[in-house]
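Contents: one structure, followed by commentary.
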Amino acid sequence: MFLELAHIKLDVFKVAKEFVLACYKETKAFPPDEKFAMISQIRRAALSVHLNVAEGCSRKSVSERKRFYEIARGSLIEVDTAFDIAENLDYTSKANLAELGKLMIRTFQLLSKMISAR
């Protein structure tokens, strides 16, 4: 926000931010009794994706950077799994998740590419 560092220009950083915002918006419609359970878990994991991309970009060694990208990708998979359960509980639908799903897939692809890069 205040630090104008190179990572804010990366596609993965921009897409991950859109993904976090989409997760927050989608979980607003969840039942109130999920506030400290599924809503909190999805939001924390989604934010973890974005934060780990940022932190990974700040690391000097390639292996350290990749580790943060792997953590981000793991959090992305966690969100995917949580939304699968949310859909099964009728908290949301595939139609509601369509755009969020595209952001998730794009973030996953970009992270995977960064992890596999030299």
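Only the coordinates and a few stated rules stand behind these numbers; no lab work does. Quantities reported herein were computed from a predicted structural model and do not represent experimental measurements. In this analysis, Cβ positions are derived from the backbone assuming ideal geometry, glycine residues included, and neighbour counts consider all displayed protein chains.
Here the chain is treated as an ellipsoid with the same Cα gyration tensor; its semi-axes, largest first and in whole Å, are 27, 14, 12.
Diffusion coefficient (Stokes-Einstein, Kirkwood radius over C-alpha pairs, 20 °C, 1.002 mPa s) for region 41-97: 177 µm²/s, rounded to a whole number.
Taking a straight Cα-Cα cut-off under 26 Å and skipping sequence neighbours fewer than 8 places away in the same chain, the lysines within cross-link reach of LYS60 are LYS9, LYS14, LYS17, LYS113. A simple spin-label model places pseudo-atoms 7 Å from Cα toward Cβ; at ALA6 and ASP90 they are separated by 5.2 nm.
Peptides 103-110, 82-89, 45-52, 57-64, ordered by how many other C-beta atoms sit within 10 Å of their residues on average, highest first, read 45-52, 103-110, 82-89, 57-64. In summary, the aspartates and glutamates within cross-link reach of LYS28, defined as a Cα separation below 19 angstrom excluding same-chain residues under 8 places away, comprise GLU18, GLU78, ASP80, ASP84, GLU87, ASP90, GLU99.
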